[in-house]
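A short worksheet on the structure shown next.
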Amino acid sequence: MPSTRALTLVCVAAACAAVLAVSAEPARAPADSAPYYLALGDSLAAGDQPDSRGVDRPTPEGYVSVLARRLTRVYRGLQAVNLSCGGATSRTLLTFPGCQPRLGPGSQLEEAEHVLAGRPGAALVTIDVGDNDVERCIHTDGRRIDRACVQRGTASLVAHLPAIAQRLRAAAGSRVPVVGITDYDQFLALWLDGGRGRAAARESVAVIDHLNALIASIYARAGILVAPAGQAFATDDLATPRRLPGRGTVPLAVERVCRWTWACSGPPVGHDDHANAAGYGVIAQAVLDALSGSTSRRSSG
């Protein structure tokens, strides 16, 4: 029998078919009686986007903001508690002090455990981490993928993410939905750089697919739902043609990463892996779809 809280979130998903890019209050710990949405992760959870000079900064248009606004339709007064840190890896999320000192001095995971233990009003927990463990091994300047680096990053992920997932699931308890988000492939933007770039883009898909499958399996074993952003971005579809303004015909996967992220930008932004407002809305919808699909399966089981 699905929990009341999970069913409520499905109602949110059903009522919010349109993707909204909205603002949320700055991250802060809510009053004990207030409902809240707890987010952990890297710069995607922070809502980073480049400014007019190409400098990445947190914005109020990230997927955490989108989800928080949607949840307020059901949970009056809900606040977003965002523990995210730009550049976070699985190791730093587990062991390094968080970058939200007003919420506490511990690592993201430690602060999440503290919040969940002390405040009963959690409506949802999300986490996105792991892409920074491996994506630094894929270059945008024409160099080949550093396979040794990928192996080291994967080993670090395997060493740290299972503990994160298990502890977060335990801290949230059985009634609070926890959703882990897997990644899109920013390196598909290299398709626009000619033959060599296309080869690099194709090669990157296998790396990101393996990374996402590994992350998803770790989350699933811990009882965490998975929101596959890569699927929403059609990361594997290099066959379906689409028109990209100013670029001609490209595969669907390339068109979506160019339309929903900053990765295909010209100067001064250049190749920037962060989603734009539309892309963050797509990620938020993937979270709601994961919640809806899980509850539907349990209802029919």
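The values are calculated or read from the model by the stated rules, or taken from the named source; none is laboratory data. Please read all numbers here as calculations on a predicted model, not as lab measurements. Ideal geometry is used to build each Cβ from the backbone, glycine not excepted, and the neighbour counts take in all protein chains shown.
Taking the range 117-139 as the range and being surrounded by fewer than 17 Cβ atoms within 10 Å (Cβ to Cβ) and closer than 30 Å to residue 191 by Cβ as the test, the residues that pass are 136, 139. The set of residues in the range 220-234 being touching a residue at least 24 places away in the same chain (Cβ under 8 Å), farther than 10 Å from residue 182 by Cα and touching a helix residue (DSSP H, G or I) at 6+ places or on another chain (Cβ under 6 Å) consists of 222, 223, 224, 225, 232, 233. Within the range 233-260, the set of residues being of a type in the set (Ser, Thr, Tyr) and surrounded by 12 or more Cβ atoms within 10 Å (Cβ to Cβ) comprises 235 only.
Looking at 293, 246, just one residue is under 24 Å from residue 63 (Cα atoms), without any contact (Cβ under 8 Å) to a residue 24 or more places away in the chain, of a type outside the set (A, V, I, L, M, F, W, C) and out of contact with any helix residue (DSSP H, G or I) (no Cβ under 8 Å at 6 or more places or on another chain), and that residue is 293. No other residue among 152, 136, 144 is out of contact with any Leu (no Cβ under 9 Å at 6 or more places or on another chain) and more than 27 Å from residue 264 (Cβ to Cβ) apart from 152. Is it the case, given these coordinates, that residue 298 is modelled with pLDDT under 95, in a helix (DSSP H, G or I), under 21 Å from residue 169 (Cα atoms) and among the basic types (Lys, Arg)? Yes.
If the condition is being over 19 Å from the mean Cα position of the chain (by Cα), assigned to a helix (DSSP H, G or I) and of a type in the set (A, V, I, L, M), then the range 137-188 contributes 148, 150, 155, 159, 170, 171.
Residues of the range 93-109 that are surrounded by fewer than 19 Cβ atoms within 10 Å (Cβ to Cβ) and either among the aromatic types (Phe, Trp, Tyr) or more than 19 Å from the chain's Cα centre (by Cα) (or both): 95, 96, 97, 101, 102, 104, 105, 106. Pick from the range 240-295 the residues that are assigned to a loop (DSSP other than H, G, I, E, B) and acidic (Asp, Glu): which of them is nearest to residue 204 (Cα to Cα)? Per the criteria, the residue is 273. Of the residues making up the range 261-281, those that are surrounded by fewer than 19 Cβ atoms within 10 Å (Cβ to Cβ) and either on the phi > 0 side of the Ramachandran plot or under 17 Å from the mean Cα position of the chain (by Cα) (or both) are 270, 278. Among residues belonging to the range 217-232 that are closer than 23 Å to residue 48 by Cβ and among the small types (Gly, Ala, Ser), point out the one that is surrounded by the fewest Cβ atoms within 10 Å (Cβ to Cβ). It comes out as 232.
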